[in-house]
Structure formats: structure tokens, C-alpha cells
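Below: one structure, written as C-alpha cells.
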Amino acid sequence: MEYLLHIIILIGIYIILSSSLNLIAGYTGLISIAHASFYAIGAYVVALMALKFNTPLILNVPSAILFAAIIGFIIGTPSLRIHGDYFVIVTFAFQILTFTVLKNWISLTRGALGLPGIPQPKLLGFEISSLTSFLALTAALCALTLLILYRITHSPYGRILEAIREDEVFSQSIGKNVSRYKISVFVLGAGLASIGGSLYAYYISFIDPSSFTVMESIFIISIVIIGGAGRFAGPILGAIVLVMLPELLRFLGLPASIAANVRQILYGALLVAFMIWRPQGFIGKYTFNN
Amino acid sequence: MTQIIVNSLIAASIYTLVGIGFSLIYNTGRFFHFAHAATFTLGAYFIYTFNLLLHIPLILSAIFSILGCGILGMIMDKTIFSTLRNRGASALIMLLASLGLYVVLQNSISVIYGDHIKSIRVGEITEGIPILGARITEIQSITVMTSILILMVIRLILKKTNIGISLRAVANNPILAQISGIDSNKVILFSFFAGSAFAGLAGILVSMDIDMTPSMGMAPFMMAVVAVIIGGISSISGIALGAIFLAFVQNLGILFVSSQWQDAIAFGMLIIFLIIRPQGFLGRRI
């Protein structure tokens, strides 16, 4: 039962991460492999604030969102002037950069040693320490993120994002400031991704750079693409499938040392297979063909 | 100061080797081949297997490994990328497929060989040969000379041979090349072979200098891509120029900030170049 709850919490975290990336990659068509950076920023901001100043959850999570959004703005403003494949390269480079900063800024992040002992959060007087209470917290934050995303994507603003994805020049010609839309959507996605990071830091209570590698970023974009980019339920489905699937491998009795690698081989191969046979994913709208 | 120049040249040689391979595949296949980073790593693990596990002499192992990487590149093209190309897939789809392939390859290496550092360094660790106050080890000097040699050979191939001319034709205008009777699939297959072989060669040289891990390919790949973009993706001499420029700025940067910020320097240069001069020093407009 505990195991099942753990899996559900993980799925919740990945739904937040992939749905926020879906806004950037699926709706607006900006493929980013930097999402684990914002995931990391959320986790580290929350962990450092909780450890150093013992501030409560209600202050930490919004600070993380704000900080990730600011970084998203600083990175997004120059890189979003670049199109298509080159944008992917820039986000890839930013992801590598984030990882080196986390690993080498020892005085702040303790480098590869990581930050242990992140205190358990309190919310409205309740101490969140048991698995069930974490599940409730995850469900609440997940629902909040999804609600925000639903409102964004089902608004006139959201329709313009899809128009930009389908035809950028056309959107510009009807008087839409395309670069402003792109930057704002990147900032929004970055801020929302940090919620996933906050949850992760509180839940695991230990973070180190190895959770926020390029592989993690590729995993998040795989969830979006395999689930179905550009559709609201796509990444939710993707997160459920891609988090559950490797758990099935557990029953095959693979040694623990290679389980993580086999998990990654599995989703890498799935990504290749989907690109060949079904680029729109299970239920997606965007086929990456323009 | 001489040490900075020497170190820059060594780094630039690796960036050039990886970059030439990357741009060959980009210019004919027209997509960003991320799995190139894994090919680089495989070069190192191939030579480890041939030399240390199968006891084949070093030079012969190196040749086998380079050919192995080249053939692997051809298999990648035959099984995945030509299928995608024939379906008219966009560059973005091919990029994502290549990204998936990279994940598969790197993790397969981890499963087979483990994540810990492996070494094929032969003999004692030496101080290196002194040149004008700087020091360079034997393998480092081989690295620099190899990349200069490859650079000259590839220029010659592109200018003088039939395959080189068809390669440039496909890079320049694939449809016109096809009309003129050039089999573009064959040309792309060849550039996958040559490009992957160069990546493998670079991987071998790096592994003999500073050992190997399954994720060793990512950083040099990223630097090579930055060098290619700085220099101009469509020009071979541009790549070498970009590589030297990037390596020199990175090594000079160490004088002012600590060495772990080399990645940040490269990232900054990438952004600056993509905005002010996306075609690079010597490239055509993209």
C-alpha cells in the first residue's frame, strides 16, 4: 500500500512537470530540454529556504515559483529569438549549465553531497509527515497547477499560443506580438514546473544534482510527447504510463544497480518508436511537422 | 601563457573532430544529431573492449573502434533516420528521435560496463614534453596532429573527390542534387559513416588522455556544437576557427573565474552568436 501511495505521489509530481512543459512545447511548439532546470530551481529554493531560515511552506513555494519565473525570463528572453532546432540546442546547453552550477557552487548547494534533512512542511497547522498527508498535498498542488493550466489553455490567450505553433508568421500578421507571447509562456511554464520541484524536495527530504540531469529533462519531454503534446490530458496520460511502466520491470527481478538504466533505455526507445510511428503520441494534437 | 595556448589547442582539436562529424551529418541529413554524443563515448568503450578485454594491439584496436563507430552511424541512419526521411519527417522529429537514441545508447553503455571510471592509459603518468615553457603529453600532441590531419584530408575529399562533390551538392540543394542523378540517401549514409567515425576517433583520444565514463560524450558534444555555431555550420574551416576561438576564450576565462565556469562561458557565447551572427564567422545565412 505504501508503495502504491509512493507511485501515486511520483505520478503527481510528473503530471505537474509535464503539464507545465506541455504549455511551452505542446501548445506553443517550443521544444525545451531545460525543464529539469526549473524543476531543480524549485527544489533547491525550497530546500535552502527551509534549511537556512526555517520558513514555512506557504512562503517557500511561492518564492520558488517567483525565482524560477525570473530565471525563465532571463533565459527565455534571449533564447526565444532563436527558432526551431536552435532553440532546442540553447535549452540543452542551459540544462547542462544548471547541472554544473548545482554541482560546483559548493558553498550554496553543497555540490554532489546534496542537501539532506529538509524539514517536513506544515500547512494550516497540520504537520505533513505521513504518506497520506503528502498524497493530499500532492493532489492539492497538482489540482491547482492543472486548474491554472486549464484556464490558460482554454482562454483566448491559449488559442493564440496554438496559432503561433501552427503558423508564426500568420499570428504576427494579425497583430499578435509573438515574442511577448513566447516569453510569457516560457515564464509561466518555468514557474509552474518549480511547484513539482518544491514537492519533490519536501517529499524526499534530500536533494542532490543527480536528480536534475539532462536525462531528467529528456524524460519530461518524453512524457509530453508520448502522452500527446498540445492536448490537456496528454501529459497526464503520459506521466501515468511512463512512471508506472518501469515499475512493472521491478517484477521481472532486475538488479537494482541497472534498474534506473533499464528504465531510461525503455523511455528512450519509446521516444524513438513514437517518432517513427506516431509522432503525435497517444492522444496529441501537435505532430512537430511545421 | 604558452600553457594556455597549448591547452586551447588540445581542446580545440577535440571540438573540431566532433564538430566536423556533427556538421557533416547536419549538412546532408539536415537535423541535429544528438546521438553523436553517444557515438563519441562508444569510441572510447570500443577501444577499451578491443584493447583491454580482447587484448588486440592498441593501433589495431583503434582502427577497429573507429570503423565500429562509423558502421554504427550507418546502422543508425539505415534503421531510424532514413525511415523518417522517407516519411517526410521534419527536422524536429529527427532531432527528437536522435535524442531518444542518445538516451538508449548511453544507458546501454552503463548497463554493460557500469558507471564507474574506466582507464586505458598505458604506462606511467608522465609530466609531458616541455615546449616553450608549456607541457604537453604524448597523447595530447597526437590529438592535435590528428585533428589537423583530418581537417586537411576532409577538405581535400570535399574539394576533389566524387563523393565529396556529391556531398556538397546534397548539402547545398538536395532536390537539385537528386535531379542531377546523385543518390542522396547514399551520400547521407556516407556522411553518417564519416561523421560517426570522427566522433569515435575523438572519443578514443579523450579516453586515452583522461579516462572514460558513460556520460563523457555530452560535454565535448555540447562544446563542439557551440564551436560549429560560432564558426558557421556550413564551413569546415569555420568549424576549426570556431573551435579555436571557443577553446581560447574558455581557457583565458580561467584566469579570471574558476574553471567550473567554462560551461557558462560557452553557453554565453552560444547565446551571443545565435543572436548577433547566427550564421557564424564563415557560414552562409541560415
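Coordinate-derived values only; no laboratory data. Everything numeric in this text was worked out from a predicted model, so none of it was measured. Virtual Cβ from ideal backbone geometry, glycine too; neighbours counted across all protein chains shown.
Exceeding 29 Å between C-alpha atoms, which entries from my cross-link table qualify? They are A:Lys182/B:Lys186; B:Lys160/B:Lys186; A:Lys52/B:Lys118.
Numbers: A:Lys182/B:Lys186 39 Å; B:Lys160/B:Lys186 18 Å; A:Lys52/B:Lys118 39 Å.
Going by Cα-Cα distance, A:Lys182/B:Lys186; A:Lys52/B:Lys118 fall outside the 29 Å limit.
Along the charge dipole of segment A:142-290, Cβ charges K/R +1 and D/E -1, which of A:Tyr267, A:Phe206, A:Ala256 sits furthest on the positive end?
A:Tyr267
Report the semi-axes of the equivalent ellipsoid for segment A:172-290 in whole Å, largest first, where each axis is √(5λ) for an eigenvalue λ of the Cα gyration tensor. Don't skip to the answer; put the middle values down first.
Numbers: eigenvalues 173, 86, 26 Å².
Whole-Å semi-axes of the equivalent ellipsoid: 29, 21, 12.
Below 8 Å, C-alpha to C-alpha, sequence gap of six or more: please give me the relative contact order for segment A:172-290 in percent. Show your work: numbers first, answer last.
On the way: 82 pairs, mean separation 33.2, N = 119.
The normalised contact order for segment A:172-290 reaches 28 percent.
If one takes the longest principal axis of the Cα atoms in chain A, at what angle in degrees, from 0 to 90 and to the nearest 10, does the Cα axis of helix A:156-166 lie?
70 degrees
Using the membrane-span-like helix rule (whole DSSP H runs, Cα extent along the own axis of at least 18 Å, mean Kyte-Doolittle hydropathy at least -1.0), which helices of chain B qualify?
Details: long enough: B:2-29 (39 Å, 1.23); B:58-76 (27 Å, 2.41); B:91-113 (33 Å, 1.83); B:138-160 (33 Å, 1.40); B:184-210 (38 Å, 1.42); B:218-231 (19 Å, 2.39); B:236-253 (26 Å, 1.73); B:262-276 (21 Å, 2.25).
Sorted by number, the helices that extend far enough and score high enough are B:2-29, B:58-76, B:91-113, B:138-160, B:184-210, B:218-231, B:236-253, B:262-276.
Hey, can you grab everything whose amide H is under 5 Å from the amide H of B:Ile136? Only 5+ residues off in sequence or another chain; H modelled, so Pro and N-termini drop out.
B:Ile129, B:Ile131
What percent of all Cα-Cα pairs in the protein assembly as shown falls into each 20 Å bin, going from 0 up to the bin containing the maximum distance?
21, 54, 24, 1
Treating only the Cβ atoms of Lys and Arg (+1) and Asp and Glu (-1) as charged, compute the dipole magnitude of segment A:176-290 about its Cα centre; round to the nearest 20 debye. Can you show the working numbers first?
Details: 8 positive and 3 negative charges, 108 e Å.
Using only the charged Cβ atoms, the result is roughly 520 debye.
Taking the dipole about the Cα centre of the protein assembly as shown, with the C-beta of Lys and Arg at +1 and of Asp and Glu at -1, give me whichever of B:Ile80, B:Thr161, A:Ile65 is farthest to the positive side.
So the residue furthest toward the plus end is B:Thr161.
Which value, in debye to the nearest 20, gives the size of the charge dipole of segment B:125-233 about its Cα centre, when Lys and Arg are +1 and Asp and Glu are -1 at the Cβ? Write out the running numbers ahead of the final one.
On the way: 6 positive and 5 negative charges, 111 e Å.
Dipole about the Cα centre, nearest 20: 540 debye.
What is chain A's relative contact order, in percent, from Cα pairs under 8 angstrom and six or more apart in sequence? Walk me through the numbers before you get to the answer.
On the way: 446 pairs, mean separation 101.5, N = 290.
Relative contact order comes out at 35 percent.
Need the list of aspartates and glutamates near A:Lys176 for cross-linking: C-alpha distance under 15 angstrom, and skip anything on the same chain fewer than eight residues off.
Reachable aspartates and glutamates: A:Glu162, A:Glu166, A:Asp167, A:Glu168.
What FRET efficiency do you get for A:Leu249 and A:Ile283 if R0 is 22 Å and r is their Cβ-Cβ distance, rounded to the nearest 0.05? Before the final figure, lay out each step's value.
Details: r = 24 Å, r/R0 = 1.11.
Using R0 = 22 Å, I get an efficiency of 0.35.
Relative to the longest principal axis of the C-alpha atoms of chain A, give the angle of the C-alpha long axis of helix A:84-104, reported between 0 and 90° and rounded to the nearest 10°.
20 degrees
Could you pull out the trypsin sites (Lys or Arg not before Pro) across segment B:62-156 that fall in loop regions by DSSP (anything but H, G, I, E, B) with no more than 15 other Cβ atoms inside 10 Å?
Details: sites: B:Lys78, B:Arg85, B:Arg87, B:Lys118, B:Arg121, B:Arg135, B:Arg155; in loops: B:Arg87, B:Arg121.
In loop regions of segment B:62-156 (DSSP not H, G, I, E or B), the sparsely surrounded trypsin sites (Lys or Arg not before Pro) are B:Arg87, B:Arg121.
Can you tell me the relative contact order of chain B? Whole percent, Cα pairs under 8 Å, sequence separation 6 or more.
On the way: 435 pairs, mean separation 99.0, N = 286.
Reported as a whole number, the value is 35 percent.
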